[in-house]
Each structure stands twice: as structure tokens, then as C-alpha cells.
1. If I go through region 96-133 residue by residue, how many of them are exposed (fewer than 14 other Cβ atoms within 10 Å of the Cβ) and either assigned to a helix (DSSP H, G or I) or under 14 Å from the mean Cα position of the chain (by Cα) (or both)?
2. Only one of A136, A80, A140, A69 is at pLDDT below 90, surrounded by fewer than 17 Cβ atoms within 10 Å (Cβ to Cβ) and assigned to a helix (DSSP H, G or I). Can you tell me which?
Amino acid sequence: MYRFPRDAFASSPSSADARSPKTSPDPPSSTGRDPTGNIRDDDRRQLLAALLADRQWKCDPSTRSRLQALHRCLQPANGAHGAQAPCPAEAEWSLLADEIEHYLDFRRLRQVEAQLHGSAEADFRFDRHDWEVAHAAEAALASHLRRVHEESYLSEQPDLYLHVH
């Protein structure tokens, strides 16, 4: 599963490095990185625009409004004065990172489910509720596999009368 780093949307006006964070090895887009390996602002804008435009990804109204504020903040400066929308507080960025991480996993699972059903992703009905069910099933399978790997079906103490010669 793609794990979106919590600090990927961390931003501070004085830090160019915070506006171009490092990501985990599996990027959300094909290249989408500058020469130093950081996600570009364009890719962040595109990801947020895709999340906000995706009718199948329903988030609660307060989260949606926070995402819209984040998207406005990432827009390039417009007008003669180059004024940019005020950015949310730094704590807000980390709260929104959870929603972005969930959305990226939603897109991954929607693609997998569409392939399993032999359907084009655009034609496949898969909403947030379907993602929650599939995500829980995937987590349960991972937990089961981990438990099977770590435990044995045999008792830890063999019977004393059983001897193999």
C-alpha cells in the first residue's frame, strides 16, 4: 500500500524545503519529482484538484472546506501584485495529510477492483463506503497473514510421550 508521508504537505513560508517534501519510494504520479526527488507543487495541486473533483470520494464538509483552502493556498499567485491566498496553519496540513493518504489508497483499490471486475476504472462504481469495506478486508488479511507467520498451529510444548526415532 502506498504510504503518504505525514509531513508531505507541511509548509512554512520561509522554508522552500518544506514546500517540496520527500516522499516514500512509490510516488503518486509517474515522475512528478524535481531533480532532488521532491514532489513538485504542480503535482500537489493536481492531486488536490483530483480529490476535490472526484464524485466518488465523499469527505465530510469540514474536511472538504479545509482541502479547498489548502488547494487555494497551493495556487500560483495571480494578479499584478502576485497576492497568494492565505495558507492554513501548519497543524492543518498534517490533519489533511490523512485525507490525502486515504484518497491515494482509495484510487489504488478502485483500480484493483475495476481490474478484478474486468471494467474500466472510469466506468466502475466504487465510492468511499466501498473503499472502507475493501480497506478493512485488506487490513484483516494482512493481520491474519502476520499472525500465521508469527505463530504456529502446533502447541509450543510437544507431548512428552511422542518420540520420533
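1. Start the filter on region 96-133 by keeping residues that are exposed (fewer than 14 other Cβ atoms within 10 Å of the Cβ), which leaves 98, 111, 115-123, 125, 129, 132-133.
Filter once more, so that each one left must be either assigned to a helix (DSSP H, G or I) or under 14 Å from the mean Cα position of the chain (by Cα) (or both): 98, 111, 115-116, 121-123, 129, 132-133.
Residues in region 96-133 being exposed (fewer than 14 other Cβ atoms within 10 Å of the Cβ) and either assigned to a helix (DSSP H, G or I) or under 14 Å from the mean Cα position of the chain (by Cα) (or both): 10 in total.
2. On inspection, the qualifying residue turns out to be A69.
Table: residues versus (1) of a type outside the set (D, E); (2) at pLDDT 55 or above; (3) touching a helix residue (DSSP H, G or I) at 6+ places or on another chain (Cβ under 7 Å).
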position	(1), (2), (3)
S15	yes, no, no
P21	yes, no, yes
T31	yes, no, no
D34	no, yes, no
W57	yes, yes, yes
E99	no, yes, yes
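The values are calculated or read from the model by the stated rules, or taken from the named source; none is laboratory data. Please read these numbers as outputs of a predicted model, since none were measured by experiment. A quick note on method: Cβ atoms are made from the backbone with ideal geometry, for glycine too, and the neighbour counts reach across all protein chains shown.
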